[in-house]
Amino acid sequence: MANLFIITCFSLLLLVVLVSSPVASVPLEVGFYRKSCPSAETIVRDTLKKAAATDPAIAAALIRLHFHDCFVRGCDASILLDSKPGKPAAEKESMGNKGVQGFEVIDEAKARIEAQCPNTVSCADIITFAARDSVFTTGGTYYSAPGGRRDGTVSLASEVIKNLPDAFFNATQLKTNFARKGLSLEDMVTLSGAHSIGDSHCSSFSKRLYSFNKTHAQDPEINKAYGGYLKSKCPNVKNGVDPVVAFDPLTPTLLDNNYYKNLVSHKGLLASDQELWSSDLTRKMVKYRRNHPRKWGLEFAAAMVKMGSIDVLVGKQGEIRKNCRAVN
Ligand code: HEM
Ligand SMILES: *[C@@H]1O[C@H](CO)[C@@H](O)[C@H](O)[C@H]1NC(C)=O
Ligand SMILES: *[C@@H]1O[C@H](CO)[C@@H](O)[C@H](O)[C@H]1NC(C)=O
């Protein structure tokens, strides 16, 4: 009787742990399409390669696309759905997804895959594979990306801002935001290293240059020379002009640990980047990743796999979209 009681309690506890963990211990599987669509991952890689030849910015875009997909309703390709007339706006219309790109590359990979194996490969998996290949082609660590995600049928712009981290979050807020997705503080610091490639619109950080707070026009955490450089790139004009600036001026297309070196020298672009060095919560983690590039690369790969399993739909959940921009 006592045994049964203990077992029951344990099962309930286990259930609570499983149900409350967004990073699912789910049947995602490396080589998921080995039998059903053996060329799926190769097609994604080839499509990316072709796109990258004319647009070197595409890799950064696809890594960010994966992040923004996974943080809103899980990695279910909800970010790809177009708005429909008369229906609430879709995720991609949200200000939180400003500047998100890469949709055409996903469309092309999907079209080529559908031609070979119709109704088989999810758009969510295509984003995942494209992000993995983008990490590798920009000099990051290669990793096996498990597949088996299914596509969602709901996409709401109203859900974006409350799920994505804000560029002015402090370390505690960043920690809470990632914890809600089952990601640790270490994962957050590790994944932020993605800001070693790609760029940001001035509007995402210009407050740091011109109107930081009541006593400081400029964020005192910005290196003096770097602040001057940013101001030259982002003049304080309010005419709708919004240029972009590279996250890492030194190696803007290389996914390396230069991000952490920049933070140590107060050259973080976003307030949320520099915050990782300012805060006692995360400073040691930044130092470690600055000093151990190879370990950071491996951790980054592992954290991408973890991020790729947030709230995924599997088995008979969701659907395999025919067109990534619309539900079937
Ligand atoms: C830690 C919290 C994070 C915040 C607050 C944040 C915020 C931002 C912002 C504001 C931009 C620039 C948008 C623009 O103005 O054009 C950006 C770009 C980018 N983010 Fe993040 N991000 C975070 C984490 C991540 C993560 C976890 C990843 C992926 C693993 C990521 C990947 C990227 C990439 C690659 C770009 C450049 C995109 C491009 O060049 O097209 N970010 N992020
Ligand atoms: C972080 O931001 C939150 C929300 O604005 C605030 O309550 C908290 O005090 C801040 N934490 C630190 C360490 O500044
Ligand atoms: C402005 O920011 C600086 C640096 O973070 C801080 O020391 C100061 O107290 C802030 N001032 C106000 C009025 O919030």
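Overview of results
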| read-out | value |
| --- | --- |
| In Å, descending, principal axis extents of the Cα set of the chain | 62, 59, 45 |
| Cα-based equivalent ellipsoid of region 149-247: semi-axis lengths in Å, sorted from largest, via gyration tensor | 29, 18, 14 |
| Environment charge at Tyr210 (Cβ cut-off 12 Å; Lys +1, Arg +1, Asp -1, Glu -1) | +3 |
| Viscosity 0.692 mPa s, 37 °C: Kirkwood-radius Stokes-Einstein D of region 79-140 over Cα pairs, µm²/s | 246 µm²/s |
| Potential lengthening between Gln173 and Tyr226 on full extension [0.36 nm per residue; Cα-Cα distance subtracted] | 16.5 nm |
| Within the chain: Cβ-based charge dipole about Cα centre, in debye rounded to nearest 20 (Lys, Arg +1; Asp, Glu -1) | 440 debye |
| Kirkwood-based Rg to Rh ratio, region 33-142, C-alpha trace | 0.97 |
| P(r) weight above 26 Å for region 174-328, C-alpha pairs, percent | 37 percent |
| Portion, in percent, of the accessible area of the chain that falls on carbon or sulfur, probe 1.4 Å | 59 percent |
| Filter on Lys162/Lys284; Lys207/Lys233; Lys181/Lys295; Lys261/Lys284 - keep pairs with C-alpha separation over 19 Å | Lys162/Lys284; Lys181/Lys295 |
| 0 to 90° range, to nearest 10: angle between helix 293-307 axis and the chain longest Cα axis | 50 degrees |
| Amide hydrogen neighbours beyond the local backbone of Leu313, cut-off 5 Å, H modeled | Arg150 |
| Within region 193-224, trypsin sites (Lys or Arg not before Pro) in DSSP loop having at most 16 other beta-carbon neighbours inside 10 Å | Lys214 |
| Relative contact order (percent, whole number), the chain, Cα cutoff 8 Å, 6+ residue spacing | 27 percent |
| Neighbourhood charge, 13 Å Cβ-Cβ cut-off, centred on Trp277 and excluding it, Lys, Arg +1 and Asp, Glu -1 | +2 |
| Environment charge at Lys110 (Cβ cut-off 12 Å; Lys +1, Arg +1, Asp -1, Glu -1) | -2 |
| Packing-based order for 231-238, 173-180, using average beta carbon neighbours within 10 Å, highest first | 173-180, 231-238 |
| Dipole magnitude (debye, nearest 20) for region 220-292, charges at Cβ of Lys, Arg, Asp, Glu | 220 debye |
| Cα-centred dipole magnitude for region 22-164, charges only on beta-carbon of K, R (+1) and D, E (-1), debye, nearest 20 | 140 debye |
| Percentage, to the nearest whole number, of Cα pairs in region 115-202 over 15 Å apart | 73 percent |
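The values are calculated or read from the model by the stated rules, or taken from the named source; none is laboratory data. Since the structure is predicted, the reported quantities are computational estimates derived from the model, not experimental observations. In this analysis, Cβ positions are derived from the backbone assuming ideal geometry, glycine residues included, and neighbour counts consider all displayed protein chains. For accessibility, only protein heavy atoms count, side chains too; no ligands or nucleic acids. Shrake-Rupley method; radii C 1.70, N 1.55, O 1.52, S 1.80 Å.
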